[in-house]
1. Check each of the GluC sites (Glu not before Pro) in segment 21-127 and keep only those in coil by DSSP with at most 12 other C-beta atoms within 10 angstrom; list them in order.
2. Which loop chymotrypsin sites (Phe, Trp or Tyr not before Pro) in segment 83-178, with loop taken from DSSP, have no more than 14 other Cβ atoms within 10 angstrom of their Cβ?
3. Could you work out how far apart the two model spin labels at Arg161 and Ala28 are, taking each label as a point 7 Å from the Cα in the direction of the beta carbon, and quote it in nm?
4. Determine the calculated [θ] at 222 nm for the chain from helices alone, applying -39500 (n - 2.57) to every DSSP H run no shorter than 4 residues and normalising by the residue count; nearest 500 deg cm²/dmol.
5. Mean shadow of the chain, computed from the convex hull of its alpha carbons, in nm²?
6. If you take all C-alpha pairs in segment 1-61, what percent of them are over 18 Å apart?
7. Any chance you could check the Cα centroid distance between segment 128-152 and segment 90-112 for me, in angstrom?
8. Evaluate segment 57-111: find the radius of gyration of its Cα atoms, find its Kirkwood radius, and give the ratio Rg to Rh.
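Please treat every number below as a calculation from the coordinates, not as lab data. Every value quoted in this text rests on a predicted model; they were computed, and no experiment measured them. Because the Cβ atoms are built from the backbone with ideal geometry, glycine has one as well, and the counts that use them run over all protein chains shown.
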Amino acid sequence: MTSSCDPRFAPAGDVGGALMVIDSRLKAIYDGRTGADAEQQELIEQFTASMTPEEAHDLLDGACTLIFMFMKWLRMAHEEHDKDVIEYVVPTLVAAMRMMPRSIRPEAIPTMAGLVVAAGTGLSPSLWRRQYGDWTSEEMNPLEATAFLLAEHINRITDDRDFATRLITEALSGVEGD
């Protein structure tokens, strides 16, 4: 029996746009820019303000697709070492989110952890979340942070600052080539 949260039924969304946001955040952190970059924030605000509701929804689906793809890679990497991805990734992710109280409100953490568990068990994070209603504005930063933290985790595991971005761009190139 297939699940209503089966990734085959999920829209991919704007994966390229979501990856651009995550990659720019990764580069900023790696360049030592941990504070709020007013210019970058203004560009992001202009970008999101110019989006139609449908484009914004596509970006959300794209972020969920990134989370799914990152967790799929992490699951395969952990299984190679007979480890459970949920056991090793979720506690680290939750601990990191708890250290970000200005960006992530405590009440958003269980939702983001559930999103990651859904992805880690092969379910679509987007469809999993949809069953609980529409996204809230308070969940936007936590969603971005979740994708960012997973990408950074992958980069740390591989000791390659561009691995997570390259993983997605190569997957997208393979899809476009089909």
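1. Listed in order of number, the matching sites are Glu80.
2. The qualifying sites are Tyr132.
3. Result for the modelled spin labels: 1.6 nm.
4. Numbers: 8 runs with 121 residues, N = 178.
Mean residue ellipticity, 222 nm, calculated: -22500 deg cm²/dmol.
5. With the hull built on Cα positions only, its mean projection is 11.2 nm².
6. Values: 905 of 1830 pairs.
Pairs farther apart than 18 Å: 49 percent.
7. Comparing the Cα centres of segment 128-152 and segment 90-112, I get a distance of 11 Å.
8. For segment 57-111, the value is 1.04.
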